[in-house]
Amino acid sequence: MKKLFISLALLVLTACQSNPPKLSATVNEEPIKIYQGSYCWNENSKEVCADTSSPEDMVKGDVPTAVAERSKLKLHFDYQPKKGSLGADIWNNGEAREQNIVNSDTIILPREPGIYIYSVYANWEEGDSSYVLQVEVK
């Protein structure tokens with residue numbers, strides 16, 4: 001009986017969680033670490049909002065994934081965002097610059113060597129979310 005109660009409690013807690021979709025990213029099938037950014041999500045009549053620090057602060061101290069110049073960064077959500085809502089910014093010294101997304105899921109990385117921090121964002125019926133990643137072009 002105790003195991004049944006624990007199982008039911010875990011099921012209820014899982015069903016009530018309000019989290020945005022997961023984003024995964026790859027370059028040449030190599031996974032890129034993704035950080036969950038700020039979001040507001042409303043699911044099952046429960047709204048949860050979370051605010052994070054700047055993208056640059058979120059990745060501070062982490063080692064970026066090394067990639068080749070002009071590589072293709074592929075984005076994949078486990079739940080597709082609203083059409084036309086996906087966007088990305090590239091961050092440098094506290095300022096964001098809009099980054100083009102090709103074929104609705106690909107960012108062409110720069111040709112100049114350096115560390116690049118990206119913020120990816122999208123909207124769904126249930127809310128919106130941002131994600132952060134960093135790469136080092138070698």
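Panel values: the stretch 81-138, Kirkwood radius from alpha carbon pairs, Stokes-Einstein at 4 °C and 1.567 mPa s, translational diffusion coefficient 106 µm²/s.
Would you mind getting the accessible area per residue of the chain, heavy atoms of the protein chains only, 1.4 Å probe, in Å²?
On the way: 8890 Å² over 138 residues.
Per-residue value: 64 Å².
Calculated [222 nm] ellipticity per residue, helices only, for the chain: -4500 deg cm²/dmol; basis is -39500 (n - 2.57) per DSSP H run with n ≥ 4, divided by all residues, nearest 500. Determine the alpha carbon to alpha carbon distance for each of K82/K138; K22/K60; K74/K138 and list only those over 30 Å. With Cα atoms farther than 30 Å apart: K82/K138. Each listed q (0.17 Å⁻¹) maps to a log10 I(q)/I(0) for the stretch 12-104, found by the Debye formula over equal Cα scatterers with no solvent: -0.98.
When only C-alpha pairs under 8 Å and at least 6 residues apart count, what is the relative contact order of the stretch 14-138, in percent?
Normalised by residue count, the contact order of the stretch 14-138 is 32 percent.
Shown for the chain: the carbon plus sulfur share of the solvent-accessible area, taken with all protein chains present and a 1.4 angstrom probe, equals 51%.
The values are calculated or read from the model by the stated rules, or taken from the named source; none is laboratory data. Everything quoted here is computed from the prediction, not taken from an experiment. The protein model used for the area step is the full one, side chains on, heavy atoms only, and it has no ligands, DNA or RNA in it. Shrake-Rupley method; radii C 1.70, N 1.55, O 1.52, S 1.80 Å.
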